[in-house]
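In what follows, a single structure is set out as structure tokens and then discussed.
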Amino acid sequence: MRVAVDGREVEVATGATLLEAVRAVGADVPTLCFDERQMPFGACRICLVGVAGAPGPLPACTTPCREGMVIDTHDATSRRVATAIVELVLSELPVAPAAHTELARVAASLEVGEPRWRGATHPSDHDERHPYLAFQHELCISCARCVRACDEVQGAFALTATGRGFTANIAVGLDAGFLESTCVSCGACADSCPTDAITEITLLSL
Amino acid sequence: MSEDERFDSTVSTTCGYCGVGCRLEAHTRDGRVVSISPAHDGPANEGHTCLKGRFAHQFTRSRERLTTPLIRDGEGFRRASWDEAVALIVSELTRIKTTHGPDAIAGLASSRATNEDCYAMQRLIRAAIGTNNIDNCSRVCHSPTSFAMRRSFGLSGATGSFSDIDHADAAIIIGANPTEAHPVVGARIKQATLRGMRLVTIDPRQTELADYSVLHLAPRPGTNAAVVLGLAHVLVRDDLIDTNFIDQRTEGYDTLIELLHAYEPDAVESITGVAAERIEAAAHVYGEAEDACLLWGLGVTEHKYGSEVVQLICNLALLTGKVGRTGSALLPLRGQNNVQGSSDMGALPDTYTSYRSVEDDEVAASFEAAWGVPLSRRKGLKINEMFDAAVAGELKAMWIFGEDVAQTDPNVAHVTHALESLEFLVCQEIFENATSAFADVILPASAFLEKAGTFTNAERRFQLVAPAIDPPGEAKTDFEIITTISRALGHEMGWSTSAEVMNEIAALTPQYAGVSHERIGRKGLQWPVAADGTDSPMLYEHEFTLPGGRARLAALPYKPPGDAADDEFPLILITGRRLQHYNAGTMTRRTLNLELQDSDWLEIHPADAARLWIKTGDHVSIRSRVGRIETVARVTERIEPGHVFTAFHFPEIRTNLLVGSSVDVNTGCPEYKVVAVDVRPVSEEAARTPALAGI
């Protein structure tokens, strides 16, 4: 089928997502919960785009293309909502994300600086009992990329989303750390994490 | 340069652990590898890797690394300059060659090293020394696979790619534990089962993948042939075969049918211990699938008739026409990073590159023309024959590169005797090990993160290896060591980079005609590679690489293994890998993987444990016909009664002291997987001092 992205027409396969169409024409929208190695999840709402005729912005990663769709990656409402979401996400973190993280890059691309809202931030909660993997729970934004990496890429099923609202976070096993879980130390979670909530011990000091 | 502010550089390379061939990004800071992440465009790993590839790089900066050449000095070693070490090697090899002839010298290339290193090593042994006494450690793992696939199909390699697993409706895995030994492929198989692929596991152990299978068959060790013949019997009996495919593309069907009559499920049950109805059900899972893959590991090959069982596995695909198309592939799980390549490169006593016989005058003449020296037409010695010849006093010198034969080869007492019998032994290593203790010269070499070249993974894919860091101290790359010594021996190889070696390989090998480092790029090339660079992700779509284009169905009966349980040795020991460690443990035991697993154990079934008054944590003695070791027991129902299992990663346990001299009838691959043992509790702390039988 054919769709148009920012005025450029492109042929996509049946079942292709808006994000695939966007990337097929060489355009880009920022993503945060998306990882090409995993099934689209649609949790973060950063990849919103405008679609002609749609009542509001649509998430590009989970919305399938339809014949003749007209997609606008510069849609003002979509960018405004995405920017506000990133600002809210940042406002919960006790420190700004490190420059190399995906969250920092997304914030930079949306020109989000210091969040305007200063409320409660997540308390520091570090787990460095594993020889390689460190979990800094206060940096978790509940995008569930680690959970999906563990389930869909490795198949170790060691990670689980826990809590609700402000206390939402990720638990390893029965919340007793990597070593006491079904973790096989493959590191797929750390590789996917966009904030360094899960990272390598050796990288903490760099 | 690196895009990430934490790193000085990021280098794309290929993992040096198992044969999966994960593409990695190695990140460095201040001349050290500080992190490794998976390359998202890696064709075999697709953005994933395991705890070995990702984390176990700390060994590269171990203080125990060899940093200067060492020369024997009485009972120990002294540091020496490269000039002195090279001069000694040249004078000793020259003396032995003059006195005893070139066949008194042998070399071992390494399946851990690059294609270019292995090619250089076989050229040195053939051209600079003048003998075909060159072999590599694939001898002790997948040489039966290589032999059998050449017999059945024509080429020595997987028929497809790991991506075929994603397209298969069913799969049979025999004698392999990929979630531990090949974790990235293991994860891929597991995901496929979660999506509905019907998996059959055949293994004496209840492996992790057995939990995800629709059917798990646990045959007695050494009876794989009967199981596979039973599957073939049911495929034929229940008309699950593809008669068109058999008629048009195979030969030997009538002979096979006669043989298969005897392998009724009931008969197979009495040989293997696998219930007849489970044999029937497994055959139906495979036969009824539209597309299905066959995978196997060392549980198939490391047997007296391993090379025959691989041919019988090939039969299953031929009978059902499940080969040469997407989703229907035969995928041997190669053990080491370059097990495929080291043999492809001709580091074998009977073949040049791409398995062309040293007895073939035309082939030998092409190498003579390229190298400018006359070459021997006589086959050389296999690894096990080298040790026999050393003990017999016929082999005087060995050059062993990247293999700890005194820990990993079977019948360690015999290997040790052989090493002691040599007049001159050169070891080229990154660490001192059990083998280098017998060396006259130890050369400090480089790890995979320190060198350039290519590895060929289990999918026949050439992939680039690039140095992320420098070798420590005065250590050199294997390429530099081999070419330097060859030059000193009077044979100038004429290369300055590994890319030039590959150009020579391509020029002399029609199957790799289009291979170059530039063409390999980030995506690799799967051989055969035509001169225009077209590669071959899938083999045998239209014809097999055998005379007439037809595959050969093998009519080979079941024969009992080389060892059997008896009154004195009532249990059968199987050995294998654990997730956290890799082979001799040389690398992984020098990383924090040791924190994840710091010792080994013997797995034993509760029924056997109760009879022997053994419980988890007890120290036990394991005695075979040739040796005795001690370790700690772990009682588990994941192994069948009558069988015990342990790994071989820990030198203080030295599992291979127990393994005897039984080898595969065609290839000399040792029978690691069937060792009759006697297990009993020992009251005190394990001695950790291995003892030999009769001592």
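The values are calculated or read from the model by the stated rules, or taken from the named source; none is laboratory data. These figures come from a predicted structure and were not determined experimentally. For neighbour counting, all protein chains shown are included, and Cβ atoms are generated from backbone atoms with ideal geometry for every residue, glycine included.
Counting only strands (runs of 3 or more DSSP E) that fall entirely inside segment B:166-222 and contain at least 1 residues that are in contact (Cβ under 8 Å) with a residue 12 or more places away in the chain and within 14 Å of chain A (Cβ to nearest Cβ), the qualifying elements are B:198-202. Pairs are defined by a Cβ separation below 6 Å, a sequence spacing of at least 6 or placement on different chains, a first member in segment B:590-601 that is away from chain A (no Cβ under 11 Å), and a second member that is part of a helix (DSSP H, G or I); the pairs so defined are B:Arg590/B:Phe59.
Looking only at segment B:423-443, filter to residues that are touching a Lys or Arg at 6+ places or on another chain (Cβ under 7 Å) and more than 14 Å from B:Arg72 (Cα to Cα); which one of those is surrounded by the most Cβ atoms within 10 Å (Cβ to Cβ)? It comes out as B:Ile430.
Return yes when B:Arg63 is more than 10 Å from chain A (Cβ to nearest Cβ), surrounded by fewer than 21 Cβ atoms within 10 Å (Cβ to Cβ) and part of a loop (DSSP other than H, G, I, E, B) and no when it is not. Yes: the conditions hold for B:Arg63. Considering only residues that are within 15 Å of A:His126 (Cβ to Cβ) and either touching a helix residue (DSSP H, G or I) at 6+ places or on another chain (Cβ under 8 Å) or part of a loop (DSSP other than H, G, I, E, B) (or both), look in segment A:191-206 and name the one that is nearest to the other protein chains (Cβ to nearest Cβ). Residue satisfying both the conditions and the ranking: A:Glu200.
Could you list, in sequence order, the residues of segment B:471-505 that are among the acidic types (Asp, Glu), touching a residue at least 40 places away in the same chain (Cβ under 8 Å) and over 20 Å from B:His517 (Cβ atoms)? Scanning segment B:471-505 gives a single hit, B:Glu474.
For segment B:597-634, which residues satisfy the criterion of being of a type in the set (A, V, I, L, M, F, W, C) and either within 26 Å of the chain's Cα centre (by Cα) or under 24 Å from B:Gly585 (Cα atoms) (or both)? Hits for segment B:597-634 are B:Trp601, B:Leu602, B:Ile604, B:Val620, B:Ile622, B:Val626, B:Ile629, B:Val632, B:Ala633.
When the residues of segment B:16-40 are filtered to those that are without any contact (Cβ under 8 Å) to a residue 24 or more places away in the chain and in a loop (DSSP other than H, G, I, E, B), the one that is farthest from the other protein chains (Cβ to nearest Cβ) is B:Asp30. Applying the criterion of being surrounded by fewer than 24 Cβ atoms within 10 Å (Cβ to Cβ), more than 21 Å from the chain's Cα centre (by Cα) and aliphatic (A, V, I, L, M) to the residues of segment A:149-202, the residue that is nearest to A:Thr101 (Cα to Cα) is A:Ile201. Before we move on, is B:Glu368 surrounded by fewer than 24 Cβ atoms within 10 Å (Cβ to Cβ), outside the structural domain of B:Asn656 (by TED's automatic domain parsing) and not hydrophobic (A, V, I, L, M, F, W, C)? In short, yes.
Condition check ((1) surrounded by fewer than 23 Cβ atoms within 10 Å (Cβ to Cβ); (2) at negative phi; (3) touching a helix residue (DSSP H, G or I) at 6+ places or on another chain (Cβ under 6 Å); (4) within 10 Å of another protein chain (Cβ to nearest Cβ)) across all residues:
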site: B:Glu3; (1), (2), (3), (4): yes, yes, no, yes
site: B:Arg6; (1), (2), (3), (4): yes, yes, no, yes
site: B:Gly42; (1), (2), (3), (4): no, yes, no, no
site: B:Arg78; (1), (2), (3), (4): yes, yes, no, no
site: B:Ala87; (1), (2), (3), (4): yes, yes, no, no
